[in-house]
Amino acid sequence: MTGVDSVKWKLVIASNILDIRDGTHDSPKYHSEGVPLVTSKNLKGGDIDFSSCNFISEQDHKKISKHSKVDAGDILYAMIGTIGNPVLVGAYDFDFSIKNVALFKQADNSKICSKFLLHFLQTDIVKWQFKKKTRGGTQKFVSLKNIRNLQIPLPPLAEQQRIAEILDKADALREQRKQSIALLDKLLQSVFLDMFGDPVTNPMGWEVAKLDTQVITNPKLDKTKLSNNLNKITSFVPMSSVSDIQQCVTEYEMKPLKEVIKGFTTFEKSDIILAKITPCFENKKLAFLSNMPTPIGFGSTEFHVFRVTNKEIIKPIFLKYILKQDYFFKVGKFKMRGAVGQRRVPIDFFKNFSLILPPLEIQNQFAHIVEKIEAQKALQQAQLKQLDNLFGCLQQKAFSGEL
């Protein structure tokens with residue numbers, strides 16, 4: 001499913017049936033407590049992640065709310081970075097403000113079902129309409145004007161509700177599978193802490209060393225050795241291929257060396273990559289490249305790369321679980337440098353970290369447990385992919401009037 005040509009119902013301009021606004025364009029002062037400020041990076045998996053929100057004053061919140069007050073039943077839509085991720089706002093017992101987020105509010109004479117609109121905003125039809133209108137380099141964004149001009153199919157309300165109910169049931173099956181995968185991730189994190197303790201406070205008293213004595217950060221590649229075979233196919237990892245939920249590369253792109261040898265980050269199989277730019281860093285985009293199909297690869301310039309120097313001292317999978325601890329993401333965001341929207345965590349923040357070094361035998365035991373649980377995750381992820389494909393087919397039929 002691509003453009004609006006596949007839709008059989010009457011198409012309407014979004015602003016003709018909805019009240020569409022955006023959040024503040026200002027950068028209010030942050031405080032240690034106060035009112036949460038929800039931005040594009042806080043919209044995840046159909047929900048709002050308040051745990052990573054900054055806080056603003058009540059005064060700034062009231063000022064923002066004059067233009068963009070959020071109510072239960074509204075829909076939020078990320079306008080910058082990872083565009084989309086629509087969220088239907090539930091009933092909260094606290095207020096919050098928004099920034100870099102579009103706000104869909106029902107008009108007085110409502111002609112569209114909120115759940116129908118939510119599902120529509122997740123489709124390729126919407127992505128196709130915004131594709132040529134999206135601007136920006138590293139940080140993509142879509143304007144409020146373009147969102148207001150979005151074309152929406154408008155079947156009768158009863159038909160909208162029927163479609164929404166069918167898609168809700170199908171989506172619930174996907175959500176159950178995602179929760180199963182998340183539980184396996186929590187199990188691994190629990191096993192890690194049971195075996196090694198908190199790597200920051202080191203309650204078990206393991207030997208420690210500075211990270212940069214055991215790990216090469218952002219290693220360089222001698223590209224002169226590759227110049228004689230520029231047509232050779234190699235792995236390529238765009239930022240979008242790193243899952244912030246599964247913390248792995250979901251799909252490697254295969255490209256000839258001549259297309260990627262200049263202007264990209266380089267890495268090797270079994271390296272670990274971590275996003276350094278906001279909001280990808282805060283979203284915990286991290287991956288262990290154990291299954292990369294080629295010995296070397298290339299990817300986004302917004303990755304930091306970590307390579308273990310001696311695998312008889314530290315296992316790469318152990319290092320991955322060190323780097324995925326909340327400490328790095330909570331403290332790292334305060335170490336970021338650069339302008340708003342282009343802030344990056346410097347590599348020195350990681351280099352100076354005191355790395356625990358448990359005996360290799362215990363690390364191997366942990367690696368064996370990881371291997372078993374990852375095999376279970378792989379089965380769950382394969383089933384989730386099937387459900388995603390089925391859901392995509394349902395969406396296509398639903399919004400082309402064939403359901």
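Nothing in this text is a laboratory measurement; each read-out follows from the coordinates by a stated rule. All values reported here derive from a predicted model rather than from experimental measurement. Neighbour counts are summed over all protein chains in view; Cβ atoms, including those assigned to glycine, are modelled from backbone coordinates with ideal geometry.
Our coupling estimate for the range 295-303, obtained by passing each phi through the Karplus curve with A = 6.51, B = -1.76, C = 1.60 and θ = phi - 60°, is x, 10, x, 9, x, 3, 6, 8, 9 Hz, Gly and Pro reported as x. Ordering Tyr77, Tyr252 by the number of other Cβ atoms within 10 Å of each residue's own Cβ, fewest first, gives Tyr252, Tyr77.
Check the straight Cα-Cα distances from Lys330 and name the lysines below 23 Å, setting aside those fewer than 8 residues away within the same chain. Counting by Cα, and skipping residues close in sequence, Lys330 has these lysines nearby: Lys29, Lys41, Lys44, Lys99, Lys186, Lys210, Lys276, Lys284, Lys285, Lys320, Lys351.
Stretching the chain fully between Ile347 and Lys111 yields a gain of 79.8 nm (0.36 nm per residue, less the alpha carbon separation). Spin-label model, Met254/Lys335: points 7 Å from Cα along the beta carbon direction are separated by 3.8 nm.
Stretched out straight at 0.36 nm per residue, the stretch from Asp95 to Ser32 would grow longer than its current Cα-Cα span by 21.0 nm.
Extension gain, Val12-Asp212: 0.36 nm per intervening residue step, less the Cα-Cα distance, totals 66.3 nm. Our helix-only sum for the chain, with -39,500 (n - 2.57) per DSSP H run of n ≥ 4 divided by its residues, gives a mean residue ellipticity at 222 nm of -11000 deg cm²/dmol.
Considering only Cα atoms, the convex hull volume of the range 207-357 works out to 111 Å³ per residue.
For Glu253, the residues 5 or more places off, or on other chains, whose built amide H falls under 5 Å of its own are Phe236. Close amide-amide hydrogen proximity is noted between Met292 and Ser270, each under 5 Å apart and 5 or more residues distant or on a separate chain (H modeled in the peptide plane; Pro and chain starts excluded).
In terms of its C-alpha gyration tensor, the range 1-130 comes out prolate, because a/c is 1.5 or above and the ratio a/b outweighs b/c. Excluding same-chain neighbours fewer than eight residues apart, the lysines reachable from Lys397 by a Cα-Cα span under 20 Å are Lys8, Lys10, Lys115, Lys127, Lys169, Lys385. Coordinate range of the alpha-carbon atoms in the range 174-219 per principal axis, descending: 43, 31, 12 Å.
Sorting Ile125, Ile98 by the number of Cβ atoms found within 10 Å of their own Cβ, with the fewest placed first, yields Ile125, Ile98.
Put the Cα centre of the range 16-39 next to the Cα centre of the range 154-201 and the gap is 26 Å. For the range 112-199, taking the reciprocal of the average inverse distance between every pair of different Cα atoms yields a Kirkwood hydrodynamic radius of 16.6 Å. If R0 is taken as 56 Å, the Cβ-Cβ distance between Gln386 and Gln59 corresponds to a FRET efficiency of 0.65. Need one word for the chain: rounded, prolate or oblate. Basis is the Cα gyration tensor (sqrt eigenvalues a ≥ b ≥ c); a/c below 1.5 gives rounded, then a/b vs b/c decides. Judged from the Cα gyration tensor, the chain comes out prolate (a/c at least 1.5, a/b above b/c). State whether the range 232-277 is rounded, prolate or oblate according to the following rule on the C-alpha gyration tensor (a ≥ b ≥ c being the square roots of its eigenvalues): a/c under 1.5 gives rounded; otherwise a/b larger than b/c gives prolate, and the remaining case gives oblate. Because a/c hits 1.5 or more and a/b exceeds b/c, the range 232-277 counts as prolate.
The 3J(HN,Hα) values that the Karplus relation (6.51, -1.76, 1.60; θ = phi - 60°) gives for the range 36-51 are, in residue order, x, 10, 8, 10, 3, 5, 8, 8, 9, x, x, 9, 9, 8, 6, 5 Hz. Gly and Pro appear as x. Remark: the range 249-258, residue by residue, has Karplus-estimated 3J(HN,Hα) of 7, 6, 7, 8, 8, 10, 9, x, 3, 4 Hz, where x stands for each Gly or Pro and the curve is 6.51 cos²θ - 1.76 cosθ + 1.60 at θ = phi - 60°. Cβ crowding within 10 Å, taken as a proxy for footprinting-reagent exposure, orders Cys393, Cys280, Cys248 from fewest neighbours to most as Cys393, Cys248, Cys280. Simple point charges give the picture: +1 on the Cβ of Lys and Arg, -1 on the Cβ of Asp and Glu, and for the range 207-357 a dipole about the Cα centre of about 300 debye. Of the residues Ile347, Pro256, Val242, the one whose Cα sits farthest towards the positive end of the charge dipole of the range 207-357 is Ile347 (charges of +1 on Lys and Arg Cβ, -1 on Asp and Glu Cβ, taken about the Cα centre). Using equal-weight Cα scatterers in the Debye expression, the normalised intensity of the range 196-260 in log10 at q = 0.13 Å⁻¹ is -0.67.
Computed about the Cα centre, the dipole magnitude for the range 168-251 is approximately 440 debye when only Lys and Arg (+1) and Asp and Glu (-1) carry charge, each at its Cβ.
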